[in-house]
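The values are calculated or read from the model by the stated rules, or taken from the named source; none is laboratory data. Everything quoted here is computed from the prediction, not taken from an experiment. Neighbour counts run over all protein chains shown; Cβ positions are idealised from the backbone, glycine included. With ligands, DNA and RNA removed, areas are computed over all heavy atoms of the protein, side chains included. Shrake-Rupley method; radii C 1.70, N 1.55, O 1.52, S 1.80 Å.
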Amino acid sequence: MDAQISVRDIVKVYPNGVVANKKVSLDIQEKTIHAIVGENGAGKTTLTKILFGLELPQEGEIFVKGKKVHFRSPIDAIKMGIGMVHQHFMLAENLTVFENLILGIEPTKFKIFLDKKTAKEKILKYIEKYKIDIPLEKKIKELPIGVKQRVEIFKALLRDVDILILDEPTAVLTPQEAEVLFESLRELKNQGETIIFISHKLKEIKAIADVITIMRDGRVISTNSNEELTQHDIARLMVGREVSFERVEEPKEIGKVVLTVKNLTYTNSERIKVLKNINFEVREGEIVGIAGVEGNGQTELVELITGLKTPTEGEIRLFDENISGKSVREIRTRGLVHIPEDRMKNGVAEKAKLKENLISDRYYKPPFSNKGALNYNYIDSEANRLVKDFNIITQSIENPVSSLSGGNIQKVIVTRELSSNPKVIIASQPARGIDVGSEELVHNFIKEARDKKCAVLLVSADLDEILKLSTRVLVIYNGEIVKSFNEVSTLRAEDLGPYMLGVKRGD
Amino acid sequence: MDPFLKSILSTSFLFSVLRVATPIIFPALGVAISALSGSVNIALEGIMLVSAFTGVVVSAYTQNLWISLFSAILAGVFIALLLGYFSLKLKADIILAAIALNLFSSSITVFLLYIIAHDKGVSSSLKSLVFPSVKFAFLEKIPILSGIFNNQNILVYIAFLSVFVYYLIVFHTPLGLKIRAVGQNPEAASSVGVDVVKIKLYALILSGVFGALGGVYLSMGYVSWFGRDMTAGRGFIAIAASSIGGNLPLGTFFGSFLFGVVYALTNFLAPLNIPSEIIQVIPYIVTIIVLTFYSARVSKEKEVGEE
């Protein structure tokens, strides 16, 4: 078998001095599904960008089908038969599927007019060949995420690529949708496609890959066939040390009810009922997980509880006091903290200093400020202590938060929220997009808070995270809690899927 | 019947609506096509002024309609290219660049007018040409339609035709598809090899052509002279008109038509016993109302998009 792609000694240094690829060498064989795995910042995204012509390497050589290539843009890569499905879909939402598919390769009539008939014939031929089902006349914005992704894959196939790069394709999918994706990837492999699959989710790598390349810190650590590695091996090689993916032990003591959500309904500015009659309780010392596909009302639920929005109907009770309609600060001073889902938008002020972000919830209290003036001596010593206690990796507390890695930015937020002695924690997607090492730390912090009798509401689209941490699980679908599970230790992701997709509902 | 109502219900009222809607249809198409490509083009005011001026001056010297039309279009495209150079190449804020170009156009035309015609107000000393009106024999036999559509200036018909051309470009050419794609998701467009800057520039050039036709109509059809700042805000009203129509061909046409009705009404109200200042302000008040509703709608859509 010939290598479809051979990469030799690739070095990539970004203008800010970050060395993302340090002499990376790799062979990708024809008609295989080749997974490239690694933590965030391991260099896998950079490598794929180089393969697709989005970045130029400083050193090294790339051979595609035996030919040495120098890609200056994605167009060069597409010409050599390489296509890429990005994590953020490259689709124009208001155009139809058909229009998105033909963009850039439009056949013409009389040199100026679009030849829609010829284009459609070609598309139908490819649909038949690859057995991919897509609605051509619908607008992209009307499609569910799984179908949008199918459009992206098909868009690449239509450009006659035989090497497909998929950048974390399952990040946005439910387990069921991911299974459908895997089916079509296997089908594509049978049709002769070579697939490069970027991921950091161990389970799915094991499920789909033929060959696994592990990257860490800009280097290729190993390349093995799937059979030679266990999930545990992959995790260890990725992180460089032993990591625990086991479910946290059950809480020792569950106390009284702290947070009660009663008949909560919310109608948004478009008069759409985003939340319908939500009821649940969270007690001291337990973690209640809310599982669901994103966009089913989780965001609004969290914003209502944390005081960012006001409910249309119903109550939110914190220690037997109705807090709905109270201001964010009034709610926070009662001991409720919030780890928001969008860390750059609601979690930090990215251009402000690290130390300023660490005290942004308490700057007005003594001894942080005194008679209206900030006490920097105290602030600095407190910030340095927190950085140390919570293992935030930074050169100085004076640096802007934006200079930190994603995982460390999340640690800054978690540190601020958990260091104020909270009674209730609302954690929304606390480990989204951060590396396995940071994820483990964040999870430990949340678990420790639980053991200190905190009540935790965990909202996450990541089922592994839900199953690892939760004491109880509620599934939200289309603004309703459709199912609750009180026994989590025997629960599997597959059990949750049908409820998350609205196929099944409990009583 | 009330004489005012009678005059509004006459064919001559609709005739006049088309006449006054034309210098809004052209720039509205210009605003619309650049809006589709993702550029907010508020420079139509300047483009129209410069083209109106160029058309008059060139026709006075060459006495040739084709040459003056061609030069006026070139002048309009030149301003559009300047806008493209500032915003796309030098990455200046497109709104600020357009404001600068509008101010520039307003003063350079007056300056050159003074040099050429020795007048800071109007070009009446120049012997400039006008585009002819057209009489369609087949229309004459149809009573009402003839009164409305026949004997209009040729550029009025070209305005109708332009709406159709706009439709063809946007929905039936690769360029139109690229313009729409670039306006919605430039990253997606460039990922399949579309040159985003080039497409945006093409859209601006097209808006220069549409704007130039509007300018030429003003000074060589609607009236027969160039006057300082004679566009009188039509380039901005065009933004309202294309917004009402969601930048779609028919929508933009009807948006412009609506403003045509408002303008025509003000003309027909003039003989009544109402202070003329109040009458003249009506189109601008309508613009404010329309834009307020429009921006409220847009921000609402945005909110939904973010949720």
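Things to note:
- Hey, B:LEU218 open to solvent by less than 50 Å² (accessible area, probe 1.4 Å) and within 14 Å of chain A (Cβ to nearest Cβ) or not: no
- Selection from the stretch B:98-120 of residues that are farther than 30 Å from B:PHE86 by Cα and either part of a helix (DSSP H, G or I) or touching a residue at least 24 places away in the same chain (Cβ under 8 Å) (or both): B:ALA117
- Reported count of residues in the stretch B:165-215, each being under 12 Å from A:GLU99 (Cα atoms) and more than 14 Å from chain A (Cβ to nearest Cβ), is 0.
- Any chance A:PHE89 is open to solvent by 30 Å² or more (accessible area, probe 1.4 Å), within 11 Å of chain B (Cβ to nearest Cβ) and within 22 Å of the chain's Cα centre (by Cα): yes
- Among the candidates A:LYS65, A:LYS44, residue that is at pLDDT below 90 and of a type in the set (D, E, K, R): A:LYS44
- Considering the stretch A:173-200, and only residues there that are touching a residue at least 60 places away in the same chain (Cβ under 8 Å) and either part of a loop (DSSP other than H, G, I, E, B) or not assigned by TED's automatic domain parsing to the domain that holds A:ASN226 (or both), the residue that is nearest to A:THR223 (Cα to Cα) turns out to be A:HIS200.
- Of everything in the stretch A:92-114 that is among the aliphatic types (A, V, I, L, M), facing chain B (nearest Cβ under 7 Å) and out of contact with any Asp or Glu (no Cβ under 9 Å at 6 or more places or on another chain), the residue that is farthest from A:ILE163 (Cα to Cα) is A:ILE112.
- Flag for A:LYS351 being over 26 Å from A:LEU458 (Cα atoms), in a helix (DSSP H, G or I), in contact (Cβ under 8 Å) with a residue 12 or more places away in the chain and within 28 Å of the chain's Cα centre (by Cα): no
- Only listed residue being touching a residue at least 60 places away in the same chain (Cβ under 8 Å) and either in contact with a Pro (Cβ under 9 Å, 6 or more places away or on another chain) or not assigned by TED's automatic domain parsing to the domain that holds A:VAL503 (or both), chosen from A:ASP210, A:ASP233: A:ASP210
- Residue list for the stretch A:229-280, restricted to those being part of a loop (DSSP other than H, G, I, E, B) and either of a type in the set (Gly, Ala, Ser) or within 16 Å of A:LEU458 (Cα to Cα) (or both): A:GLY240, A:SER244, A:ARG247, A:VAL248, A:GLU250, A:PRO251, A:GLY255, A:SER269
- Filtered residues of the stretch A:56-78 (kept if open to solvent by less than 70 Å² (accessible area, probe 1.4 Å) and within 14 Å of chain B (Cβ to nearest Cβ)): A:PHE71, A:SER73, A:PRO74, A:ILE75, A:ASP76, A:ALA77, A:ILE78
- Among the residues of this structure, B:ALA159 does not count as one that is outside any loop (DSSP other than H, G, I, E, B), without any contact (Cβ under 8 Å) to a residue 40 or more places away in the chain and open to solvent by less than 30 Å² (accessible area, probe 1.4 Å).
- The sole residue among A:ILE287, A:ILE234 that is farther than 26 Å from A:GLY502 by Cβ and either within 14 Å of chain B (Cβ to nearest Cβ) or surrounded by 14 or more Cβ atoms within 10 Å (Cβ to Cβ) (or both) is A:ILE234.
- Reported count of residues in the stretch B:231-261, each being out of contact with any Ser or Thr (no Cβ under 7 Å at 6 or more places or on another chain) and either over 26 Å from B:SER107 (Cβ atoms) or outside any helix (DSSP H, G or I) (or both), is 19.
- Sole residue being buried (at least 16 other Cβ atoms within 10 Å of the Cβ), of a type in the set (A, V, I, L, M, F, W, C) and over 19 Å from A:ALA461 (Cα atoms), chosen from A:ILE331, A:ILE305, A:ILE339: A:ILE331
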